[in-house]
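Each remark here refers to the structure printed beneath this line.
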């Protein structure tokens, strides 16, 4: 927050002092490897929680946080702004209506050149590049894993391969990932993530028995192609005036509404834990290690 906008607001240089002021809710937006320490302390102090994705870089402590949230009837929401993208919402609703028939498979691709993210800093020292802060492409670009879980439910099997891009010189050594998810529903999805593509690419394609849908997040367009009629193509664009920041505003409005009304959040802590398990299973699979217990 700029200094002129934060004037008059209390500020603290340590967590204990901040919690002594009895805040109503806490926004957890520090590096993800440190999310749970702050979130758990805030929950124990009775704060509702907005936790930026991913929930953590480890499952350790997740069950304890979930216990506190449940026992104290707290609102806890994971910050995954793409669930508030109008075209992704339209895609989900239309899939549920059966327009594509039985969904067979999906492919999500997201690639962005890491040095372009924050040109004012050395990308090699950024959160996204550092394993000690929870970086690496699988956790940093976790959104496709989240919205595929939102669309298709729980995952039975995860296979993956990852590799570094030497020219990027990241400490995480995980700059490129290919992930295959087999959902309990039978849907098979492929997810590609990378720190290399320039210009950025972010799209999702869903294929069903009756046709396919392609959502291009970069071009803000959703296209439906039905199989039986070659020229049966329809396209939707985002509403006039939509920009990327609108998703963040909408998710925060939703969280504040849940805090005020004590309603469950649209992206509950449970979802954050389940999606984190998928991401960590992908990392384990890429290393030839067993999945989480």
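The values are calculated or read from the model by the stated rules, or taken from the named source; none is laboratory data. Quantities reported herein were computed from a predicted structural model and do not represent experimental measurements. Glycine also receives a Cβ, built like all others from the backbone with ideal geometry; neighbour counts cover every protein chain displayed.
Within region 173-195, the residues that satisfy the criterion of being part of a loop (DSSP other than H, G, I, E, B), surrounded by 15 or more Cβ atoms within 10 Å (Cβ to Cβ) and modelled with pLDDT of 95 or more are 174, 175, 187, 195. Taking region 135-153 as the range and being touching a strand residue (DSSP E or B) at 6+ places or on another chain (Cβ under 6 Å) and touching a residue at least 60 places away in the same chain (Cβ under 8 Å) as the test, the residues that pass are 138, 144. Do we find a residue being more than 29 Å from residue 116 (Cα to Cα) and touching a strand residue (DSSP E or B) at 6+ places or on another chain (Cβ under 8 Å) anywhere in region 160-178? No: region 160-178 contains no residue that is more than 29 Å from residue 116 (Cα to Cα) and touching a strand residue (DSSP E or B) at 6+ places or on another chain (Cβ under 8 Å). For the structure I just gave you, tell me whether residue 138 is part of a helix (DSSP H, G or I) and either more than 18 Å from the chain's Cα centre (by Cα) or crowded, with 17+ Cβ neighbours inside 10 Å (or both). So residue 138 passes the test. Can you find a residue that is touching a helix residue (DSSP H, G or I) at 6+ places or on another chain (Cβ under 7 Å), assigned by TED's automatic domain parsing to the domain that holds residue 124 and within 26 Å of residue 123 (Cα to Cα) anywhere in region 228-245? No: region 228-245 contains no residue that is touching a helix residue (DSSP H, G or I) at 6+ places or on another chain (Cβ under 7 Å), assigned by TED's automatic domain parsing to the domain that holds residue 124 and within 26 Å of residue 123 (Cα to Cα). A single entry from 158, 138, 187, 75 fulfils the requirement of being assigned by TED's automatic domain parsing to the domain that holds residue 30 and touching a helix residue (DSSP H, G or I) at 6+ places or on another chain (Cβ under 6 Å): 75.
Screening residue 56 with (1) in a loop (DSSP other than H, G, I, E, B); (2) surrounded by fewer than 21 Cβ atoms within 10 Å (Cβ to Cβ); (3) in contact with a helix residue (DSSP H, G or I) (Cβ under 8 Å, 6 or more places away or on another chain) gives one miss only, at (2).
In region 215-233 there is at least one residue matching the filter, namely being within 19 Å of the chain's Cα centre (by Cα), assigned to a strand (DSSP E or B) and at pLDDT 95 or above.
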